[in-house]
Structure formats: structure tokens, C-alpha cells
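Peer 1: The structure under discussion is supplied below as C-alpha cells; questions concerning it will follow.
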Amino acid sequence: STVFEKSKVLTPDYIPKNLPHREKQIKELSINFREILSNPGSTSVRVVISGKTGTGKTVTTKKFGELFSEIAKEKGLRVVYTHINCHRQRTLYLMLVEIANQLNLQIPNRGLSSQETFKLIYDYLEKRNIQLIITLDEFDYFVSTSPVEDIYFLVRIYDELNALVKRIHYIFILRELTSLASLDKSIKDHVIKNVIEFPPYTSEELYDILMDRIVNEKAFREGAVLEETVRFISDIYGIDKGGSGNARLALETLELAGKIADTEGSLLVTIDHAKKANSKINPELSIILDTIRDLDLHQLLVVKAIMNLHKKEGDDFFSMGKVEEEYNIVAKDLGEIPRKHTQVFEYIRKLKLMGLITARQSGKGMRGRTTLISLSVPISEELDNLINNEIRDRLL
Ligand code: ADP
């Protein structure tokens, strides 16, 4: 027997009927694109979507694409929505080929340039009177890996074509707006017009998202998932509870909890199953969770100092002196008087005993041997949020 009914509705690519808590974003998208319906050909729409991983950027734009093409059809207009993952289609040329694929347009196999390929696509749109929405998912990646000319070509296609009727519209999906910082102002002006934010989900919002999959989409047999289990998972990932606000991780945890219930022969998915699932998905974190809750403010600040150094320098191991220096900055930033050297030393010794810090001696190359320290757990967003929340609590 199994707790699942339609387990496929829990897979990452599934697009559910409802997207709780993204109604506002869908509405904003519709408003941005309404010109296409009222006055097709008059403008080229460009929208930027920004938000962290798991905040529903992909699923929401795809849903919008579905809804919008439907509405257009009812009005007798042809709008085609294409979704490109810049991580998978790594070059401008591959992206154009993928767009052609999604349009069911055959591209000859004789090494056309990107420009020529684009021309084929454009002619196809003209002939069939199609308005095309191109969503460029993980656009950060394209920006950081592609030649400037390619980025320029992609976002300024119209100037090249001198097209009178505008047929191509963009949704750029970004994790962070700052990833556009390196671009030329003229390109930026082309990309950043309207920005729609996707904030991380709160515990309540995740609860609604999970419940929708359970109750409306029938992922599980009726009554198989206990309400408290859903609450538990939502609380782990809710941004307001120190989580990352990532719906993907919450859904994965729910699915895995169901699988664990199945292997244990249980007809119910309990909190205990969710805990086991969580420690698989998030192993290091769940082990040190309790340790971190027991730390006092300045011990937390030392941990934070190491995380800051890691972010700044990309290294894992740092000298005690460096950590202390960063700790002093962190403490002062928060209006705390930094503890004295001997006390900081003592904190580090304790953190080591707790297993939170690993130490090693520097190699021969360095003058004199110094102790280098590192966090013994991977530095993740979850950990970062957790530490920041604990610090905030101690400061209240
Ligand atoms: P992102 O693109 O921001 O990383 P995704 O759109 O891939 O996030 O969402 C991650 C997972 O969470 C997907 O399985 C998606 O279906 C689900 N999800 C995200 N937001 C919602 C929502 N508001 N309602 C229902 N499911 C959601």
C-alpha cells in the first residue's frame, strides 16, 4: 500500500492549477503585457522577474504564458509563449534553435549564424502573424558567461531588424538584479523596465502551497498526510521562521516524507517522517540546529564572521587573526562592544569542542605556524538565515 495517489503532481516540472500567493505577480505580468492584446505590434514588452531559488519564478511565468495565450486566442490573436533555460541552452545560437523548436520551426542543419537563425524565426512569426513571448530563465547565467555582443544582440534584436511590427517580447528571470551591474548602461536600459519581485515564502504561504498539492491536486490519499506534518515542513522553510522561503525544498521534503512513510509501511505521513526527510535533504543543518540555538550572542558573531570571510574571499580556512578582525567589525556594526582577544580565543575553543569549527595548522609555506579555522558545516543560505535569525533574537 502507499500514501500517494497522484505522486506526479509533486514533481518539479508539474504545473499545478493554482499558484497560491502568486496571484499578484500574475496580475502584474498581465498588466505589463496587455498592450499586446489591445494594440499588437505597437510595442516590445520587457519585464524582469527577480527572486531567490524556489520562489516560483519558473512555474509562475509558465502559468502566465498558458493563461495569456488562451486569452489571446479568444480574441483571435496568436501569442506563443516560449521558455528558455539559459543554463541548458548555453549559447545564443542554442537558445535560438530552442526557440525555433518550441515554435515547431525546422532550422536547416547547415551552420547558420545566430543572425540568420533569428531572421528565419522572425520571418516565420511574420508569415503566421504570431506575437512571441520569450522567457529567459536563469538569465544571470547568460549574462555572466556570454560575450557582450551576444547579450546585446539578444536584447536589441529590433534595432538590427528595423522591424515595423513588433512581435517579440521578453521576460528576463534573474536571481539578483545586481547580476546586471556589469552590463553597459544602454543594455541595462533595454532590459530593466518593469521589475516584478518574487519574495521568499513565509511559513503560512508554504502551508497553503503544500495543502493545495495535497488536497486539490490529490498528491496523497485523502487524510494520509497529517495537518501537523504540513505545519512542521512549512515552519522549517518559512522565511519568517529562519528558513529560506524555498517552495521547491518544502515540496521535496513532503514527497520524501511520503516515500519514507511508504517504506515503513505507515498509512500516515507523520512529523517523524518529515523530520527524517528533512535530515536527508538538509543533513548537516538538522544536526547542528540545536547546537546553534544554544550559542550566545558573541559566539554567533564569531560564526557570522567566518561566514562573511567565506563570502568575501571564497576560501574555507582563515587565520584566527583574520576571524577576530572580522568579528570586531561584525560586532561594531550591530552596536555591540567586541569582546577582548582572550575571550574571542575562548569562544573559538568552545565552538571547536561543539564540533562547529574545525582547526588546522597552516602549511610550511607561511612564516611561523598559525592555526587556521573553518566552519565544519557547508555554508548555505539556510545556515546564513538561521544564524542571522538567532542573532536578531539575541539582540531583541
Ligand atoms: P524558481 O524558478 O523561483 O526557482 P520554481 O518556479 O521552480 O522556483 O518553483 C519551485 C517549486 O515550487 C516548483 O515545483 C513549483 O511548482 C513550486 N512552487 C513555487 N511556487 C509555488 C506556488 N505559489 N504555488 C504552487 N507551487 C509553487
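The values are calculated or read from the model by the stated rules, or taken from the named source; none is laboratory data. Nothing here was measured: the structure is a model prediction, and the numbers come from that model. Because the Cβ atoms are built from the backbone with ideal geometry, glycine has one as well, and the counts that use them run over all protein chains shown. Keep in mind that these areas ignore ligands, DNA and RNA; they rest on the heavy atoms of the full protein, side chains included. Shrake-Rupley method; radii C 1.70, N 1.55, O 1.52, S 1.80 Å.
Peer 1: Return, ordered by residue number, the residues of the range 20-62 whose backbone nitrogen is under 14 Å from a label point located 7 Å along Cα→Cβ of residue 195.
Peer 2: 47-52
Peer 1: Taking the range 287-396, how much of its Cα-Cα pair set, in percent, is spaced more than 25 angstrom apart?
Peer 2: So the portion of pairs separated by more than 25 Å is 15 percent.
Peer 1: Mind giving me the FRET efficiency for residue 361 and residue 329? R0 is 25 Å, r the Cβ-Cβ distance, nearest 0.05 is fine.
Peer 2: E(calc), rounded to 0.05, equals 0.45.
Peer 1: Okay, next question. May I ask you to derive the FRET efficiency for residue 312 and residue 208 from their Cβ-Cβ distance with R0 = 41 Å, giving the value to the nearest 0.05?
Peer 2: My answer for the efficiency is 0.65.
Peer 1: What is the percent carbon and sulfur in the accessible area of the range 201-281, measuring with a 1.4 Å probe over the protein chains and ignoring ligands?
Peer 2: 52
Peer 1: Viscosity 1.567 mPa s, temperature 4 °C: Stokes-Einstein D of the chain from its Kirkwood Cα radius, in µm² per second?
Peer 2: 53
Peer 1: Show the residues, 5+ positions off or on another chain, whose built amide H is closer than 5 Å to the amide H of residue 135.
Peer 2: Under 5 Å from the amide H of residue 135 lie the amide H atoms of 82, 83, 84, 171, each far enough along the sequence or on another chain.
Peer 1: Taking H as built 1.01 Å from N, whose amide H comes closer than 5 Å to the amide H of residue 357, not counting residues under 5 places away?
Peer 2: Long-range HN contacts for residue 357: 352, 376.
Peer 1: Full extension from residue 126 to residue 320: what is 0.36 nm times the residue separation minus their Cα-Cα distance, to one decimal in nm?
Peer 2: Using 0.36 nm per residue and subtracting the Cα-Cα distance, I get 63.3 nm.
Peer 1: Evaluate the Kirkwood expression for the hydrodynamic radius of the range 23-198, namely the inverse of the mean inverse distance over all pairs of different C-alpha atoms, and round to one decimal in Å.
Peer 2: Mean inverse Cα-Cα distance, inverted, gives 16.4 Å.
Peer 1: Using helices alone, what [θ] at 222 nm do you get for the chain, with -39,500 (n - 2.57) per DSSP H run of 4 or more residues, divided over all residues and rounded to the nearest 500?
Peer 2: When only DSSP H runs of four or more count, the value is -16000 deg cm²/dmol.
Peer 1: Please report the net charge: other residues with Cβ closer than 14 Å to the Cβ of residue 308, K and R +1, D and E -1.
Peer 2: -3
Peer 1: Under 8 Å for C-alpha pairs, at least 6 residues apart: give me the relative contact order for the chain, rounded to a whole percent.
Peer 2: 18
Peer 1: Mean shadow of the range 142-254, computed from the convex hull of its alpha carbons, in nm²?
Peer 2: For the range 142-254, the mean projected area of the Cα convex hull comes to 10.2 nm².
Peer 1: Taking only Cα atoms, what is the 0 to 90° angle, nearest 10, from helix 271-281's long axis to the longest principal axis of the chain?
Peer 2: Tilt of helix 271-281: around 80 degrees.
Peer 1: Please work out the average accessible area per residue across the chain, using the 1.4 Å probe convention, and give it in Å².
Peer 2: 50
Peer 1: In Å and whole numbers, how far do the C-alpha atoms of the range 201-281 stretch along each principal axis, longest first?
Peer 2: The Cα atoms of the range 201-281 stretch 34, 28, 18 Å along their principal axes.
Peer 1: Right, next: Quick one: compute the contact order of the range 31-173, relative version, from alpha carbon pairs under 8 angstrom and 6+ residues apart, as a percent.
Peer 2: Answer for the range 31-173 is 36 percent.
Peer 1: Could you tell me which chymotrypsin sites (Phe, Trp or Tyr not before Pro) in the range 1-66 are loop residues by DSSP with no more than 15 other beta carbons within 10 angstrom of their beta carbon?
Peer 2: Qualifying residues, ordered by number: 14.
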